Amino acid sequence: MFELVFLGTSASAPSIYRGLPSLAVLAGEQRFLVDCGEGTQRQILRSGIGFKRLNRIFLTHAHLDHILGLGGLLSTFGRWEALDEIHIWGGLPAIERAQSLIYQVVFRRETPPVPIYFYRTMPDKVLFRGRKFSIRAFPVSHRGRECYGYIFEEDSRRPFLAEKAEALGVPHGPERSQLVAGESIATPAGRIIDPDEVLGAPIRGVKVAVTGDLSRTDDIRDAVADADALVIESTYLERHADIARQVGHITARAAGELARECNVKFLILTHISRRYREFEVISEVRKTFPDSYVVRDLDHFAIFRDKLPQKLQTPTEDVAEDDLPEGGE
């Protein structure tokens, strides 16, 4: 299971109801940020997740609305939070811009209080391995070089077949754990049991794909295929598709078509433009892909394997009545 906490969901500039892009991904005790728009640290406080262990940051691209919050956040991290080090991944343009912000503005005449490590994102390679999950990147087309989305994916597992183990004389106890770990064991009767004899076919773990900004969807189909949740931008509606193409974004309809064609289980739209009412975006995407949701700031989801996400928290403040979708959400 992964948890997603949406800290900022607006496109390009903040609105009254939406902050600039940032997403917290929680995986057990591990915590990650995807992008860090202006105001992210205040949204972290409002969300209730706190700063602890939130020291790994993945940048989708170099545009300021996705990285400008790094300055304040790292200043707070370095001076007030008990963090030993900070790790930041991104394409080369994003790293260079982040380094300029951090070293030429925030810590211009001083050494950062904690080490800050930068890593150039490389597609299709494991960037981080946690306990039973991994994070890797995939390239997306947007304005500029080295723009990326990220995939958070649990390791596949093989279920233990208890009835088969009983028939083979496998005792209850550490022997069963050894078999699950891939080790052969000897039964009390002296029979050697291999893991393949008591383990079922592999079951894929939860997969969450986060695209960042993008101008096309045909080149990410393989990356997002079979995702249990796809977090994708929805900056424009189809009536403004020409503008979307000109400025390197997609429409809600295009996002829905991608999800439908790639066997995505649940679609989450973010990066919402101030030019639209929320219900307009919902109406367009659900005509193509019903299992979709337009997130608001501080929405909190738990993502499971092969079932719809569970919404854990919905903010009630700062939402005007005319901003609510028709018929509720």
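Quick note: the coordinates plus some simple rules give every number you see, no bench work behind them. Computed from a predicted structure; not experimentally measured. With ideal geometry, Cβ positions are generated from the backbone for all residues, glycine too; neighbour counts draw on all protein chains shown.
Report, in whole Å, the centroid distance computed from the Cα atoms of the range 119-168 and the range 204-268.
Each part reduced to its Cα centre gives a spacing of 19 Å.
Tally Lys and Arg at +1 and Asp and Glu at -1 over the other residues with C-beta under 9 Å from the C-beta of Val25: what net charge comes out? Don't skip to the answer; put the middle values down first.
Working: positive: Arg31; negative: Glu3.
That sum, taken over residues with Cβ under 9 Å, equals 0.
Tell me, rounded to the nearest percent, the portion of alpha carbon pairs in the range 1-46 spaced more than 16 Å apart.
Everything past 16 Å amounts to 35 percent.
Is it possible to state the helix-based mean residue ellipticity at 222 nm for the chain, with each DSSP H run of 4+ residues giving -39500 (n - 2.57), the sum divided by total residues, to the nearest 500 deg cm²/dmol? What is it?
After summing the helix terms and dividing by residue count, I get -6500 deg cm²/dmol.
Give me the net charge for the shell around Gly169: Cβ to Cβ below 15 angstrom, other residues only, Lys and Arg +1, Asp and Glu -1.
Working: positive: Lys164, Arg176, Arg191; negative: Glu163, Glu166, Glu175, Asp194, Glu197.
Once positives and negatives cancel, what remains is -2.
Rank these for me by crowding, Val126, Val106, Val208, Val224, going from fewest to most other beta carbons within 10 Å.
Ordered from fewest to most neighbouring Cβ atoms within 10 Å, Val126, Val106, Val208, Val224 come out as Val126, Val106, Val224, Val208.
Once the Cα atoms of helix 70-80 and of the chain are each reduced to a long axis, what angle between those two axes, in degrees from 0 to 90 to the nearest 10, is obtained?
In the chain, helix 70-80 runs at an angle near 60 degrees to the longest axis.
Counting every Cα pair in the chain, what percent are over 39 Å apart?
That fraction is 20 percent.
Which order do peptides 109-115, 175-181 fall in by mean Cβ count within 10 Å, highest first?
175-181, 109-115
How big is the Cα convex hull of the range 178-319 in projection, averaged over all directions, in nm²?
So the Cα hull casts an average projection of 11.7 nm².
Give me Ile16, Ile67 sorted ascending by neighbouring Cβ count inside 10 Å, so fewest comes first. Intermediate values should be presented prior to the final figure.
Working: Ile16 10, Ile67 28.
Least crowded to most crowded, the residues run Ile16, Ile67.
At 0.36 nm per residue, minus the direct Cα-Cα distance, what do Arg277 and Ala189 gain on full extension? Give it in nm, one decimal, please.
Contour length minus the Cα-Cα distance gives 24.7 nm.
Within the P(r) computed for the range 256-298, what percentage of the Cα pairs occupies the region above 13 Å?
51 percent
Rounding to the nearest 10 and keeping the result within 0 to 90°, find how far the Cα-based axis of helix 252-261 lies from the longest principal axis of the chain.
20 degrees
Would you mind telling me the antiparallel percentage of the DSSP bridges in the chain, rounded to 5?
Antiparallel bridges: around 60 percent, rounded to the nearest 5.
Kindly write out, for the range 169-183 in residue order, the coupling ³J(HN,Hα) from the Karplus curve 6.51 cos²θ - 1.76 cosθ + 1.60 (θ = phi - 60°), rounded to whole Hz, with x marking Gly and Pro.
x, 6, x, 6, x, x, 4, 5, 5, 4, 5, 4, 7, x, 9
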